[in-house]
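Have a look at the structure below, then the notes.
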Amino acid sequence: MLDIRTMYFLLVMSSILAGFCVFAMNMPNKERRRSAIRWGAGNFMVAAGLLLVGLRGIIPLWPSAVLGNSVLCGGFALLYLSFCMLMQKPQKEHHYLVAVIAYSILFQLLVAFDVAVRHRIVLFSLMLIAVSIGIINAAGTSQNPHTKNARLLMQGFYIIVLVNALSRGLYAEFFTDNATSIFEPTAVQVLSFISYYFALIGAGIAYLLMQSGLAYNDLAAITNNDLLTGVRNRRNFMEMAERDWALAQRMWRPLSVMVLDLDNFKKINDDFGHQVGDESLRRFGTILNNSVRNVDLVGKYLGEEFCIVMTDTSPDIARHSAERIRRDFEAVEFFVEGRRVPLSVSIGISGMAAGDTRSMQQLLRAADNALYAAKHAGRNCIRQEAAHLLDTAGAPLK
């Protein structure tokens, strides 16, 4: 039979290793770096708590039982808070500090009144059950596809912790009336500690995989998106636009293209400075992302020009979205040193009906020509290609 005290020290070493592995990761993202620091610190606290508990009989009872279990509780609480931070699930941290203090006081009372060891095991098991349920639930809140498998792993390992804590607590309470030591080498104890050992190592690996998945997500965003505005960059936009065009051709579905250009952008830069110009672009990118459907493509085209490709949408319907964008951007309250920055956008629209054989490049050129018509008409307006040209109020042009 394996020695329980030895298994405690194996858990100590695995927790320390997990902490160092997380600290060794290079994560530029500040929030995820904070999460990693907490995860590593939580592992070190768990290791310190396990070490103190594992020295029971070698050091006095209070530091081994009370301090050791208090540090363990704090470590697991820190692991939970770290994981919630990684999953962007904010928590009221002072609540968990109060919970750790309450746990420590209760454990102190159990030791002070010489309550049976099995009741201390039950209290520790309840704490692990609460932490496990919290982490399992937190892992289910994210929808990020790059972390899906790692989140499932994390849930699986903490289900093991949950089942073990429940089993060990029930066994200690109802089947160990004469237990006097946490180091009794029973089959349940040995099986529980082996499971804890692999679960804690696995949870650490799952956490590292999640950090890697999120880093990959960041890299994909940097590669595919314009960092200033948050919309797709030209290369990625054109690739995805050609894909949507091919699908529309194959399925005989309508498709609309907008080209949008900020009015008098050079004058904004000259009058207010390039930082104000950048902020104007950033605000326009936010409006674009908030004004289209998830299936629509929004991308940076050239300079201060943007493009939108709307699938299953005729130009007449696309014009309603264009008008909303134009109106929202014009209404932006942007002041610099008491002066309002005049923001407006001109928009050109082209469209492909079922059976239209024009290429994506030809549709973009048609939308660009409509944009030039909007510029020549006085800016801050919308123009469609072909016969149905509309002014900003929607009335036919004379």
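The values are calculated or read from the model by the stated rules, or taken from the named source; none is laboratory data. From a predicted model like this one, the values you see are computed outputs, not experimental measurements. No Cβ is skipped: glycine too gets one built from the backbone with ideal geometry, and neighbour counts run over all protein chains shown.
Screening Met87 against (1) more than 21 Å from the chain's Cα centre (by Cα); (2) crowded, with 20+ Cβ neighbours inside 10 Å leaves a single unmet condition, (1). Say whether the condition of being more than 24 Å from Tyr196 (Cα to Cα) and assigned to a helix (DSSP H, G or I) is met by at least one residue in segment 82-94. Yes, segment 82-94 contains at least one residue that is more than 24 Å from Tyr196 (Cα to Cα) and assigned to a helix (DSSP H, G or I).
For segment 62-72, state whether one or more residues are assigned to a helix (DSSP H, G or I), among the aromatic types (Phe, Trp, Tyr), touching a residue at least 12 places away in the same chain (Cβ under 8 Å) and surrounded by 15 or more Cβ atoms within 10 Å (Cβ to Cβ).
Of the residues in segment 62-72, the ones assigned to a helix (DSSP H, G or I) are 62-72.
Narrowing the set further to residues that are among the aromatic types (Phe, Trp, Tyr) leaves 62.
In the following step, the residues that additionally are touching a residue at least 12 places away in the same chain (Cβ under 8 Å) were identified as 62.
Add one more test, that the residue is surrounded by 15 or more Cβ atoms within 10 Å (Cβ to Cβ), and what stays is none.
No, every residue in segment 62-72 fails to be assigned to a helix (DSSP H, G or I), among the aromatic types (Phe, Trp, Tyr), touching a residue at least 12 places away in the same chain (Cβ under 8 Å) and surrounded by 15 or more Cβ atoms within 10 Å (Cβ to Cβ).
Whether a residue is within 30 Å of Arg151 (Cβ to Cβ) and in a helix (DSSP H, G or I) was assessed, and Phe76 passes this test. Looking only at residues in segment 168-190 that are exposed (fewer than 15 other Cβ atoms within 10 Å of the Cβ) and of a type in the set (A, V, I, L, M), the one that is nearest to the chain's Cα centre (by Cα) is Leu170. Scanning segment 325-352 for residues that are among the hydrophobic types (A, V, I, L, M, F, W, C), surrounded by fewer than 14 Cβ atoms within 10 Å (Cβ to Cβ) and either part of a loop (DSSP other than H, G, I, E, B) or in contact with a Lys or Arg (Cβ under 6 Å, 6 or more places away or on another chain) (or both) gives a single hit, Ala331. Annotation note: of Asn294, Asn269, the sole residue that is of a type outside the set (A, V, I, L, M), farther than 14 Å from Val345 by Cβ, modelled with pLDDT under 95 and in a helix (DSSP H, G or I) is Asn269.
Can you confirm whether Leu110 is surrounded by 15 or more Cβ atoms within 10 Å (Cβ to Cβ) and in the same structural domain as Asn164 (by TED's automatic domain parsing)?
yes
Of Ala165, Ala150, all but one fail to be touching a residue at least 12 places away in the same chain (Cβ under 8 Å), farther than 30 Å from Lys300 by Cα, touching a Ser or Thr at 6+ places or on another chain (Cβ under 6 Å) and surrounded by 15 or more Cβ atoms within 10 Å (Cβ to Cβ); the exception is Ala165.
Among the residues in segment 164-186, are any touching a Gly at 6+ places or on another chain (Cβ under 8 Å), at pLDDT 90 or above and part of a helix (DSSP H, G or I)? Within segment 164-186, not a single residue is touching a Gly at 6+ places or on another chain (Cβ under 8 Å), at pLDDT 90 or above and part of a helix (DSSP H, G or I).
Scanning segment 328-347 for residues that are of a type outside the set (Ser, Thr, Tyr) and over 33 Å from the mean Cα position of the chain (by Cα) turns up Val336, Glu337, Gly338, Arg339, Arg340, Val341, Pro342, Ile347.
Scanning segment 213-243 for residues that are of a type in the set (Gly, Ala, Ser), in a helix (DSSP H, G or I) and modelled with pLDDT under 90 yields Gly213, Ala215, Ala220, Ala221.
Results for (1) over 26 Å from the mean Cα position of the chain (by Cα); (2) more than 21 Å from Ile129 (Cα to Cα); (3) without any contact (Cβ under 8 Å) to a residue 60 or more places away in the chain, shown as yes or no for each residue.
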site: Val22; (1), (2), (3): no, yes, no
site: Asn26; (1), (2), (3): no, yes, yes
site: Asn29; (1), (2), (3): no, yes, no
site: Asn43; (1), (2), (3): no, no, no
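Taking the criterion of being among the hydrophobic types (A, V, I, L, M, F, W, C), farther than 21 Å from Tyr196 by Cα and modelled with pLDDT under 95, would at least one residue in segment 124-145 satisfy it? Taking every residue of segment 124-145 in turn, none turns out to be among the hydrophobic types (A, V, I, L, M, F, W, C), farther than 21 Å from Tyr196 by Cα and modelled with pLDDT under 95.
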